[in-house]
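The next block holds one structure in the form of structure tokens; read it before the comments.
The values are calculated or read from the model by the stated rules, or taken from the named source; none is laboratory data. Computed from a predicted structure; not experimentally measured. Glycine also receives a Cβ, built like all others from the backbone with ideal geometry; neighbour counts cover every protein chain displayed. Just so you know, the surface numbers come from the protein's heavy atoms only, side chains and all, with ligands and any DNA or RNA stripped out. Shrake-Rupley method; radii C 1.70, N 1.55, O 1.52, S 1.80 Å.
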Amino acid sequence: MIDSSMPLHGALSQNSMSDSCNEGASVQAADTELTLLQQFAGAFIQDVNLGIMLLNNQFTLVDISDMACRVMGWERENSLGRRVNELFGDMPTEHHLVQRSLLEGVSVRNHAVSWCNGVERYELLMDSNVMRDEQQQIVGAYVLFKDVSNLRSLEEQVQRSDRLAMIGQIAAGTAHEIRNPLTSIKGFLQMFKKTLRDKGMAKEVHYTEIMLTEINRINELVGEFLLLSKPKHVTIERVNVYQVMNDILPIIRSEAVLHGVHVRYEAGETVPNVVADRELLKQVFINIAKNGIEAMVEGGTLTVSVKRDSAEQRVLIDIHDTGPGIPAFLVDKIFDPFFTTKQNGTGLGLSVCQRIIHDLGGTIRVSSKGFGTTFTLAVPYQGS
Ligand SMILES: Nc1ncnc2c1ncn2[C@@H]1O[C@H](COP(=O)(O)OP(=O)(O)OP(=O)(O)O)[C@@H](O)[C@H]1O
Ligand SMILES: [Mg+2]
């Protein structure tokens, strides 16, 4: 029925002229060959690290590889023999990875798609085509895909670094030019404020206070810009992560109280010192903890833990919140400069953190599955 059976069919028809004894033997040989081929196809479909789906012309799933089951979030036993559109459940049709139009001959080659099975997100490279019988009638279709998530995230990381480098260049060039006039505006405003206060003009004093606060905000923003363009005055020293945590816990706790959040600190066994800039490390922990606290709008628990990963010679810092989590389609964006979902956010917090941790040869990973978010920072140490 399917094209791939053609050689076998050919072998059978060649023997059709032989005598009945020969015919019996060759049919038996062909049967053995067919069984072997079927066994091979079965084993191949199970073991291969490729997504494979075979459909018949009723849009029913005839076979599926284990890897495809994993990516689709389906169970082989429960999905075979079912209509493909049914298998996608409540998902809107336009988001189905496999579309019915496939059976109308709409084939694709190396088509890049993002797919989320509700738990994990994958970047796939997909091929699909119809299968035809000898009369060129469509009898089914196949879908093949490779998981290229790692390649894509590498590519995105390179693009992100390029963007950061560009922003850094612009920032370095303009930051000082912005700060200098700001300093004189701030100085004069402080003078005005004093004069206005002396004259008892309370309302005007209040206005100048607002202006001063806003100027401070611009100053902070420019400061973050400068950090993005690679910190200039970094003091690299041996730093005890526990000590850094102890220094900043009061800051985190006071921020938490304002948001009705409870802070839990889990310090494990002692960890080796890391080589880093203490102040920058503080900034990273505070930024990530602050994000967690801000995410828990209805209160919750922020859990900070520090432990040692001896196998990889790293100190691991987990910052977990019980907030709503980060939707899968946003996870890749949160480290982008200026990406924010907050009304008053700059969207620079995480990109600055990532820059600082990468400069230390470390990594920041985020895992957010449905409920709550964990940021895991890994900072390498040398020796013990
Ligand atoms: N723990 C978290 N839970 C849910 N969403 C988060 C969490 N951490 C970060 N995010 C998302 O990532 C976005 C980017 O975070 P980032 O720290 O870079 O900027 P921001 O917090 O929006 O602004 P800023 O840090 O300048 O105040 C946030 O706006 C938020 O949508
Ligand atoms: Mg932030």
**Prompt:** Of the residues in the stretch 152-171, how many are surrounded by fewer than 17 Cβ atoms within 10 Å (Cβ to Cβ) and either farther than 30 Å from Glu224 by Cα or among the small types (Gly, Ala, Ser) (or both)?
**Reply:** 3
**Request:** Could you grab me the full set of residues in the stretch 294-306 that are near ligand 2 (Cβ under 10 Å from one of its atoms) and aliphatic (A, V, I, L, M)?
**Result:** Ala295
**Message:** Quick test of your reading of the structure: Ile236 fulfils all but one of (1) more than 21 Å from Ile334 (Cβ to Cβ); (2) in contact with an Asp or Glu (Cβ under 7 Å, 6 or more places away or on another chain); (3) surrounded by 13 or more Cβ atoms within 10 Å (Cβ to Cβ). Name the failing condition by number.
**Reply:** (3)
**Prompt:** Which number in (1) open to solvent by 80 Å² or more (accessible area, probe 1.4 Å); (2) within 16 Å of ligand 2 (Cβ to nearest atom); (3) charged (D, E, K, R) marks the one condition that Glu214 misses?
**Reply:** (2)
**Prompt:** Tell me, which residue of the stretch 334-372 that is within 12 Å of ligand 2 (Cβ to nearest atom) and of a type in the set (Ser, Thr, Tyr) is modelled with the lowest pLDDT?
**Reply:** Thr346
**Asked** Out of (1) assigned by TED's automatic domain parsing to the domain that holds Gln354; (2) in contact with a helix residue (DSSP H, G or I) (Cβ under 7 Å, 6 or more places away or on another chain); (3) surrounded by fewer than 14 Cβ atoms within 10 Å (Cβ to Cβ), what's the single condition that is false for Arg197?
**Response** (1)
**Asked** What is the one condition in (1) surrounded by fewer than 20 Cβ atoms within 10 Å (Cβ to Cβ); (2) within 14 Å of ligand 2 (Cβ to nearest atom) that Gly323 does not satisfy?
**Response** (1)
**Item:** Residues satisfying the stated conditions in the stretch 270-291, i.e. charged (D, E, K, R) and more than 16 Å from ligand 2 (Cβ to nearest atom)
**Value:** Asp277, Arg278, Glu279
**Fill in**
Those residues of the stretch 244-274 that are open to solvent by 50 Å² or more (accessible area, probe 1.4 Å) and either on the phi > 0 side of the Ramachandran plot or among the β-branched types (Val, Ile, Thr) (or both) come to a total of 4
**Complete:** Of the conditions (1) surrounded by 21 or more Cβ atoms within 10 Å (Cβ to Cβ); (2) within 16 Å of the chain's Cα centre (by Cα); (3) among the aliphatic types (A, V, I, L, M), the single one that Ala328 does not satisfy is (1)
**Item:** Among the residues listed as Glu86, Glu134, the single one being open to solvent by 90 Å² or more (accessible area, probe 1.4 Å), at pLDDT 85 or above and assigned to a loop (DSSP other than H, G, I, E, B)
**Value:** Glu134
**Request:** Within the stretch 275-304, work out how many residues are surrounded by 21 or more Cβ atoms within 10 Å (Cβ to Cβ) and among the β-branched types (Val, Ile, Thr).
**Result:** 4
